[in-house]
Amino acid sequence: MAKRKAETVSVHEIPAEVVGAVVLADIAQIKVEAETHPDPDARRRIEIAAERLRQIALNEMSPATMADMMKTQ
């Protein structure tokens, strides 16, 4: 039996406000889940990544976040 190719929708077809709301909600959920992660080092990495994504999504990057991003180039 042949598999059907999953239909995809371009993100550009979804209103930016909806995409933004979903992204921010997912980031909040990730931060909550990180609080109970059994590995403290992993928990901290998850918290840092989620906060960085939140700052980017809200266009509220701190100077420290910007400096960290520039180091990864």
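The values are calculated or read from the model by the stated rules, or taken from the named source; none is laboratory data. Predicted, not measured: the structure shown is a model, and the values here were computed from it. A quick note on method: Cβ atoms are made from the backbone with ideal geometry, for glycine too, and the neighbour counts reach across all protein chains shown. Areas reflect the complete protein model, heavy atoms only, side chains present, ligands, DNA and RNA absent. Shrake-Rupley method; radii C 1.70, N 1.55, O 1.52, S 1.80 Å.
Observations, loosely collected:
- Test result for Arg43, without any contact (Cβ under 8 Å) to a residue 12 or more places away in the chain and in contact with a His (Cβ under 8 Å, 6 or more places away or on another chain): yes
Residues are listed down the side, and each one gets a yes or a no for (1) over 28 Å from Lys71 (Cβ atoms); (2) touching a strand residue (DSSP E or B) at 6+ places or on another chain (Cβ under 8 Å); (3) open to solvent by less than 70 Å² (accessible area, probe 1.4 Å); (4) among the hydrophobic types (A, V, I, L, M, F, W, C):
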residue: Glu17; (1), (2), (3), (4): yes, no, no, no
residue: Asp26; (1), (2), (3), (4): no, no, no, no
residue: Glu33; (1), (2), (3), (4): no, no, no, no
residue: Asp41; (1), (2), (3), (4): no, no, no, no
residue: Arg45; (1), (2), (3), (4): no, no, no, no
residue: Leu53; (1), (2), (3), (4): no, no, no, yes
residue: Ile56; (1), (2), (3), (4): no, no, no, yes
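- Looking only at the stretch 58-73, residues that are open to solvent by less than 60 Å² (accessible area, probe 1.4 Å) and either small (Gly, Ala, Ser) or under 21 Å from Ala21 (Cα atoms) (or both) come to 2 in all.
- The stretch 24-37: number of residues that are in a helix (DSSP H, G or I), charged (D, E, K, R) and more than 19 Å from Leu58 (Cα to Cα): 1
- Scanning the stretch 38-68 for residues that are under 23 Å from Ala25 (Cα atoms), part of a helix (DSSP H, G or I) and hydrophobic (A, V, I, L, M, F, W, C) returns Ala42, Ile46, Ile48, Ala49, Ala50, Leu53, Ile56, Ala57, Met66.
- Only residues that are touching a Lys or Arg at 6+ places or on another chain (Cβ under 8 Å) and aliphatic (A, V, I, L, M) were counted in the stretch 47-60, giving 1.
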